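Only one structure is covered here, and it is reproduced in the block below.
The values are calculated or read from the model by the stated rules, or taken from the named source; none is laboratory data. Not measured: the values here are computed from a predicted model. With ideal geometry, Cβ positions are generated from the backbone for all residues, glycine too; neighbour counts draw on all protein chains shown.
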Amino acid sequence: MLQATRLQPEQRVLLHGVSWETYERLVAELEDCPGVRMTYDRGRLELMSLSYPHDWIKTLLGRFVETMTLELGIPLKSGGSTTFKREELERGLEPDECYWIQSEAVVRRKADVDLATDPPPDLAIEVEIRTSAIGKLEVYAAIGIPEVWRHDGARLHILTLRDDGDYAEVTTSLALPRLTPATVDGFLARREELDETSLLRAFQTWVREELVRDRPSD
């Protein structure tokens, strides 16, 4: 059995020459260690420990997504930090949060998702306060995730996957139309001013006043 040394918050370790078999074994071994994220890219493996600021931001971003979909009646299936990997591409990672939105109906009844036959999440959240040694966007693109919310600790960047296989920064979410990075950043900036219940209520009120009331009736 593999022995792991506890990493300090936001510490990253990059390993080279790691086989796919070793990566899969580590995924299984560290399944019960939620404080560690792994990114694998063709023989390189990065292990990253999580920090409180990292988890605080990713949790709030996820709660904004869940609040908005609830208020707008948008179907949603959560994937959390599930490991997504493609052996034929020798790539894999765990997003901080992920969701099926447009493709929710396809995976609704599935207890497990196989990227060989099932669609990847429509939206992934990636908080990267310290830059990863592995280009995570390239891994996300290889897996085929259409939209990534990347937060650098200061700002949210919404990125959508183009036909050429690269991500482009956009001003409005594809998965949640009319939601902009500026709006999300405005609420995140209040996270030290308000308790989380009040912050979520403020966001909920914004959704109701700005989005729900302008939504065409069925």
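From Ser49, Ser78, grab the single residue that is small (Gly, Ala, Ser), surrounded by fewer than 16 Cβ atoms within 10 Å (Cβ to Cβ), under 30 Å from Ala189 (Cα atoms) and touching a strand residue (DSSP E or B) at 6+ places or on another chain (Cβ under 8 Å).
On the way: Ser49 fails: surrounded by fewer than 16 Cβ atoms within 10 Å (Cβ to Cβ).
Going through Ser49, Ser78 in turn, just one is small (Gly, Ala, Ser), surrounded by fewer than 16 Cβ atoms within 10 Å (Cβ to Cβ), under 30 Å from Ala189 (Cα atoms) and touching a strand residue (DSSP E or B) at 6+ places or on another chain (Cβ under 8 Å): Ser78.
When the residues of segment 96-131 are filtered to those that are in contact with an Asp or Glu (Cβ under 9 Å, 6 or more places away or on another chain), polar (S, T, N, Q) and without any contact (Cβ under 8 Å) to a residue 24 or more places away in the chain, which remaining residue is nearest to Leu161 (Cα to Cα)?
Ser103
Looking only at segment 26-43, which residues are outside any strand (DSSP E or B) and at pLDDT below 95?
We begin by selecting, within segment 26-43, every residue outside any strand (DSSP E or B); these are 26-35, 42-43.
Residues satisfying the conditions are Leu26, Val27, Ala28, Glu29, Leu30, Glu31, Asp32, Cys33, Pro34, Gly35.
I need a count of the residues in segment 67-82 that are assigned to a loop (DSSP other than H, G, I, E, B) and under 11 Å from the mean Cα position of the chain (by Cα). If you could, list the steps in order and put the result at the bottom.
Pass one, segment 67-82, residues assigned to a loop (DSSP other than H, G, I, E, B): 73-76, 79-82.
If we keep only those that are under 11 Å from the mean Cα position of the chain (by Cα) too, we end up with 79-82.
Final tally of qualifying residues: 4.
From (1) within 13 Å of the chain's Cα centre (by Cα); (2) modelled with pLDDT under 95, pick out the condition that doesn't hold for Asp114.
The one condition Asp114 does not meet is (1).
Only one of these conditions is not met by Arg155: (1) exposed (fewer than 14 other Cβ atoms within 10 Å of the Cβ); (2) out of contact with any Asp or Glu (no Cβ under 7 Å at 6 or more places or on another chain); (3) more than 26 Å from Leu26 (Cβ to Cβ). Which number is it?
Tallying (1) exposed (fewer than 14 other Cβ atoms within 10 Å of the Cβ); (2) out of contact with any Asp or Glu (no Cβ under 7 Å at 6 or more places or on another chain); (3) more than 26 Å from Leu26 (Cβ to Cβ), Arg155 fails exactly one: (2).
List the pairs whose first member sits in segment 67-86 and is free of Cβ contacts under 8 Å to residues at least 60 places away in the same chain and over 30 Å from Leu45 (Cβ atoms), whose second member is outside any loop (DSSP other than H, G, I, E, B) and not hydrophobic (A, V, I, L, M, F, W, C), and whose Cβ atoms are under 9 Å apart, counting only residues at least 6 apart or on separate chains?
Qualifying pairs under 9 Å: Leu70/Gln204; Pro75/Thr69; Pro75/Glu104; Leu76/Glu66; Leu76/Thr69; Leu76/Tyr99; Leu76/Glu104.
Restricting the search to segment 131-175, which residues are among the small types (Gly, Ala, Ser) and part of a helix (DSSP H, G or I)?
Going through segment 131-175, the residues among the small types (Gly, Ala, Ser) turn out to be 132-133, 135, 141-142, 144, 153-154, 165, 168, 173, 175.
The answer is Ala141, Ala142.
Answer yes or no: is there a residue in segment 24-35 that is in contact with a strand residue (DSSP E or B) (Cβ under 7 Å, 6 or more places away or on another chain), crowded, with 16+ Cβ neighbours inside 10 Å and closer than 25 Å to Asp152 by Cα.
No, that holds for no residue.
Just a yes or no: is a residue in segment 185-202 surrounded by 13 or more Cβ atoms within 10 Å (Cβ to Cβ), within 16 Å of the chain's Cα centre (by Cα) and either not in a strand (DSSP E or B) or not β-branched (Val, Ile, Thr) (or both)?
no
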